[in-house]
Amino acid sequence: MRLRFREMVPEDAGAVAEVEKESFPTPWSRESFWREAANENTCYLLALDGEKVIGYAGCWISFGEAQITNIAIARAYRGKGIGTQLMEAVIRASMARGCTAMTLEVRPSNAPALALYHHYGFREAGRRKGYYSDNGEDAIIMWNTKLAELFPDAVGQGKQVPHEEDIPGGKERE
Ligand SMILES: CC(C)(COP(=O)(O)OP(=O)(O)OC[C@H]1O[C@@H](n2cnc3c(N)ncnc32)[C@H](O)[C@@H]1OP(=O)(O)O)[C@@H](O)C(=O)NCCC(=O)NCCS
């Protein structure tokens, strides 16, 4: 596997919507992702295997806070640490845009996502009752208000180029 990360552009919207479709019960459309990529108050990154889009993560940025809108890895690529690397990339990218805090919502039943967010110091700050319309599940609201403690080297670094690397042993796990 040749894993790399880069910023999403509107032309990626179709490929991103495909990953979205296999990841969420009420997926966003291709048009939504096109608009998100064209909006300068957002930050969307892609994970790619070569040229193939295998994941994405995005957030809205406002007044020094980033709100994660979605993060997903294509089914066949899950459980290989790619979501963890993508989350680091999006935290660093939002810090480069001046963010010091990040928030998101997650289903209590979503064990992999909860593990991912705990890994990066997110803590439960509240719940929205019956938030998810497909099954009435609550949303856990999570915050990390001290991003600088996660990646001190990213503070005040300005815009960063997402890194590119191989996953050791990635081929064996495919
Ligand atoms: C959530 C998601 C992005 C994680 O991506 P991933 O590449 O599979 O995650 P990773 O392999 O980096 O693992 C992240 C953490 O989840 C844990 N994990 C992975 N698969 C798991 C599973 N099936 N059950 C429980 N924990 C799991 C890993 O052990 C790791 O935890 P750690 O840091 O404590 O070791 C991916 O599962 C996904 O796309 N899910 C569908 C969309 C979704 O639910 N997005 C989140 C919305 S809030």
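Keeping to the range 18-29, report how many residues are within 18 Å of Asp49 (Cβ to Cβ) and out of contact with any Pro (no Cβ under 7 Å at 6 or more places or on another chain).
Selection size over the range 18-29: 4.
Using beta carbons and a limit of 8 Å, which pairs, at least six apart or on different chains, have the first residue in the range 78-90 and on the phi > 0 side of the Ramachandran plot and near the ligand (Cβ under 6 Å from one of its atoms) and the second one part of a loop (DSSP other than H, G, I, E, B) and at pLDDT below 95?
Gly81/Ile167
Residues are listed down the side, and each one gets a yes or a no for (1) at pLDDT below 95; (2) under 17 Å from Tyr44 (Cβ atoms):
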| position | (1), (2) |
| --- | --- |
| Ala89 | no, yes |
| Ala113 | no, no |
| Tyr117 | no, no |
| Lys129 | no, no |
| Glu137 | no, no |
| Val155 | yes, no |
| Lys159 | yes, yes |
| Pro162 | yes, yes |
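Anything in the range 1-41 that is of a type in the set (Phe, Trp, Tyr) and assigned to a loop (DSSP other than H, G, I, E, B)? List them, or say none. Explain how you work it out, then say what you get.
Filtering the range 1-41 for residues of a type in the set (Phe, Trp, Tyr) gives 5, 24, 28, 33-34.
If the condition is that a residue be of a type in the set (Phe, Trp, Tyr) and assigned to a loop (DSSP other than H, G, I, E, B), then Phe24, Trp28 are the ones that fit.
Could you tell me which of the residues Phe33, Phe5 is under 20 Å from Arg75 (Cα atoms), within 16 Å of the ligand (Cβ to nearest atom), buried (at least 20 other Cβ atoms within 10 Å of the Cβ) and more than 13 Å from the chain's Cα centre (by Cα)?
Working: Phe5 fails: more than 13 Å from the chain's Cα centre (by Cα).
Just one listed residue meets the conditions, Phe33.
Touching a Lys or Arg at 6+ places or on another chain (Cβ under 6 Å) and surrounded by fewer than 18 Cβ atoms within 10 Å (Cβ to Cβ): which single residue out of Gly64, Gly50, Gly81 fits that description? Walk me through it before giving the result.
Working: Gly64 fails: touching a Lys or Arg at 6+ places or on another chain (Cβ under 6 Å); Gly81 fails: touching a Lys or Arg at 6+ places or on another chain (Cβ under 6 Å).
After applying the criteria, what remains is Gly50.
The values are calculated or read from the model by the stated rules, or taken from the named source; none is laboratory data. Values in this document were obtained by computation on a predicted structure and should not be read as measured data. As a convention, Cβ positions derive from the backbone with ideal geometry for all residues, glycine included, and neighbour counts pool all protein chains shown.
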